[in-house]
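Here the structure is laid out as structure tokens; the discussion comes afterwards.
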Amino acid sequence: MTTTTTATTGTKLWGGGKSPFNVEYGKLLMWYFLMSDSFTFGALLIAYGTIRFSATSWPDPDVAFKTFPFAPEGTNAPLVFVSIMTFILIISSVTMVLAVQAGQRMDKKTVVKNLILTIIGGFVFLGCQAWEWSHLHHDGAWWGSNPFLNVDGTKGEIGFTNFFFTITGFHGFHVFSGVVINIIMLIMTLNNVFERRGHYLMIEKAGLYWHFVDLVWVFVFTVFYLF
Amino acid sequence: MQHSSPINAPHAHEAHPSGGVKEVIRITIYLSVLTIVELGIGYWRIDMEENFFFHFLSGVIIILMLWKAFYIIAYFMHLKHELRNMIMTIGIPMLLFIWFIIAFLHDGNAFKESNMKYDKYKQEKSIPPAKK
């Protein structure tokens with residue numbers, strides 16, 4: 001009897017001796033962290049939606065975000081700048097995937113190359129965001145101050161700028177920490193830390209974080225600029 | 001070092017290999033096309049009146065957004081190739097968002113409705129300006 005019990009326990013998924021999710025524990029915890037982070041972003045975005053649904057009118061994003069760097073005053077180019085930012089983030093996500101895949105092949109050179117490209121993409125995105133923020137600030141938009149009128153011509157809802165700066169700021173903070181993490185990964189790769197360890201799983205975890213930043217932008221971009 | 005103990009590490013990724021560079025290029029093209037379609041609809045909507053078709057396009061944009069999110073999570077974050085149990089432990093808690101979105105947006109809307117009914121100032125504000 002005893003032997004049978006032991007045998008059954010051995011084949012059970014959670015009986016010990018095997019990895020039930022077949023992922024490294026650090027990667028699993030990264031997933032759980034991202035899950036909690038998505039609830040934080042979700043809370044902010046849903047709060048934005050609630051306030052917008054409760055408002056009788058709301059500023060038009062195509063009027064507020066119509067400018068472009070180095071374009072002359074009065075340029076009307078809604079969505080152009082933000083679509084470039086979106087593509088920058090998608091491309092930097094792609095280079096991150098390539099870095100992760102190169103890590104699985106233990107191909108240090110490709111990892112380094114793609115990590116550098118990802119870091120550049122992150123910095124370019126941050127630069128774009130800094131430009132947009134400073135431009136909006138120059139126009140008088142900031143937390144607690146909204147110069148853009150509602151669509152119906154009434155005084156602009158204050159929630160428009162409050163949520164815009166809070167949510168894009170929180171996202172930008174994530175991009176910044178992602179860039180810092182990627183720089184640390186690059187330094188560790190160059191110092192042969194992963195070569196000595198025998199695997200590049202750390203790059204995969206950093207990659208998950210970086211893709212999450214891209215994922216959040218898909219939502220932020222849609223709800224702020226397209227609606 | 002804890003990390004290199006055999007139970008955690010190197011075999012983990014061998015069990016579920018990814019599709020390689022080809023798959024990445026394929027997904028990149030999908031994401032780009034979806035983004036371009038989204039932007040196209042966005043431009044199209046700029047000067048559109050708020051009729052049924054306008055709200056239908058809003059729905060299309062939301063579907064495209066979720067579609068893009070699926071590609072990023074499934075392929076870039078590799079979740080599609082993980083074990084079913086692993087997918088469930090991430091996916092099921094996310095279902096809470098369905099309730100969040102329905103409940104909170106309905107709440108916001110109800111707040112507006114009651115304001116328009118009982119708040120004289122909001123009532124006047126909500127009357128659209130006369131068309132020229």
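Nothing in this text is a laboratory measurement; each read-out follows from the coordinates by a stated rule. All of these numbers come straight from a predicted model, not from anything done at the bench. Note: ideal-geometry Cβ built from the backbone for every residue, glycine included; neighbour counts use all protein chains shown.
Ranked highest first by average number of other Cβ atoms within 10 Å, how do B:33-43, A:131-141 line up?
B:33-43, A:131-141
Per residue of the range A:209-226, in order, report the coupling 6.51 cos²θ - 1.76 cosθ + 1.60 (Karplus, θ = phi - 60°) as ³J(HN,Hα) in whole Hz, putting x for Gly and Pro.
4, 5, 5, 4, 4, 5, 4, 4, 4, 3, 6, 4, 4, 5, 6, 8, 9, 9
Order the peptides A:48-55, A:12-19, B:89-96 from the highest to the lowest mean number of other Cβ atoms within 10 Å of their residues.
A:48-55, B:89-96, A:12-19
From other protein chains only, count the Cβ atoms within 10 Å of every residue's Cβ in B:64-72, then give the mean.
For this peptide, the per-residue mean of nearby foreign Cβ atoms is 4.
How well do other chains shield peptide A:47-54, expressed as the mean number of their Cβ atoms within 10 Å of each residue Cβ?
6
Which residue, A:P69, A:P20, A:P61, has the most motion in a Gaussian network model of chain A that connects Cα atoms within less than 10 Å?
In this elastic network of chain A, the residue with the biggest mean-square fluctuation among A:P69, A:P20, A:P61 is A:P20.
Can you list residues from other chains, or at least 5 along the same chain, whose modelled amide H is less than 5 Å from the amide H of A:G156?
A:N150
Place +1 on the Cβ of every Lys and Arg and -1 on the Cβ of every Asp and Glu in the protein assembly as shown, take the dipole about the Cα centre, and give the residue among A:N146, A:L226, A:A64 whose Cα lies farthest towards its positive end.
Most positive-ward Cα: A:L226.
Separation between the A:F123 and B:L83 pseudo-spin-labels, each 7 Å from Cα along Cα→Cβ, expressed in nm?
4.2
With label points built 7 Å along Cα→Cβ from the Cα atoms of B:W44 and B:L66, find their separation and express it in nm.
Computed distance between label sites B:W44 and B:L66 equals 2.0 nm.
For A:F176 and A:H135 in the same chain, what is the full-extension length gain: residue separation times 0.36 nm, less their Cα-Cα distance, in nm?
Length gained, A:F176 through A:H135: 12.8 nm.
When Lys and Arg each count +1 and Asp and Glu each count -1, what net charge do the other residues less than 11 Å away from A:M185, Cβ to Cβ, add up to?
Summing Lys/Arg as +1 and Asp/Glu as -1 gives 0.
What ranking do A:D152, A:D214 get, fewest neighbouring Cβ atoms within 10 angstrom at the top?
The order, fewest Cβ neighbours first, is A:D152, A:D214.
Within 10 Å of each Cβ in A:211-223, how many Cβ atoms from other chains are there, averaged over the peptide?
Across the residues of A:211-223, the mean count of other-chain Cβ atoms within 10 Å is 5.
Taking 0.36 nm per residue of sequence separation and subtracting the Cα-Cα distance, how much length would be gained by fully extending the chain between B:N51 and B:D119, in nm to one decimal?
Answer, rounded to one decimal: 21.8 nm.
Given axes a ≥ b ≥ c from the Cα gyration tensor, I'd like to know whether the range A:17-131 is rounded (a/c under 1.5), prolate (a/b larger than b/c) or oblate.
oblate
Tabulate in residue order the Karplus-calculated ³J(HN,Hα) for the range B:76-81, using 6.51 cos²θ - 1.76 cosθ + 1.60 with θ = phi - 60°, rounded to whole Hz; enter x for Gly and Pro.
Those phi angles translate into 5, 8, 6, 5, 4, 8 Hz.
Per residue of the range B:97-106, in order, report the coupling 6.51 cos²θ - 1.76 cosθ + 1.60 (Karplus, θ = phi - 60°) as ³J(HN,Hα) in whole Hz, putting x for Gly and Pro.
4, 4, 5, 3, 5, 4, 5, 6, 5, 5
May I ask for the Kirkwood hydrodynamic radius of the range A:103-146, worked out over all distinct Cα pairs and given in angstroms to one decimal?
Hydrodynamic radius (Kirkwood, Cα pairs) of the range A:103-146 is 12.9 Å.
What is the dipole size for chain A, taken about its Cα centre, with +1 at each Lys and Arg Cβ and -1 at each Asp and Glu Cβ, in debye to the nearest 20?
That gives chain A a dipole magnitude of about 1100 debye.
Can you find, among B:M88, B:G40, B:H55, the residue farthest towards the positive end of the dipole of the range B:35-101? Put +1 on the C-beta of Lys and Arg, -1 on that of Asp and Glu.
Farthest towards the positive pole: B:M88.
Within a 10 angstrom radius of the beta carbon, how do A:D60, B:D47 rank from fewest other beta carbons to most?
With the fewest neighbours first, A:D60, B:D47 line up as B:D47, A:D60.
Using only the Cα atoms of the protein assembly as shown, what semi-axes does the equivalent ellipsoid have when each is the square root of 5 times a gyration tensor eigenvalue? Give whole Å, largest first.
Semi-axes from the Cα gyration tensor: 43, 25, 17 Å.
Which order results if A:T11, B:T28, A:T161 are arranged by neighbouring Cβ count within 10 Å, fewest first?
Starting with the residue having the fewest Cβ neighbours, the order is A:T11, B:T28, A:T161.
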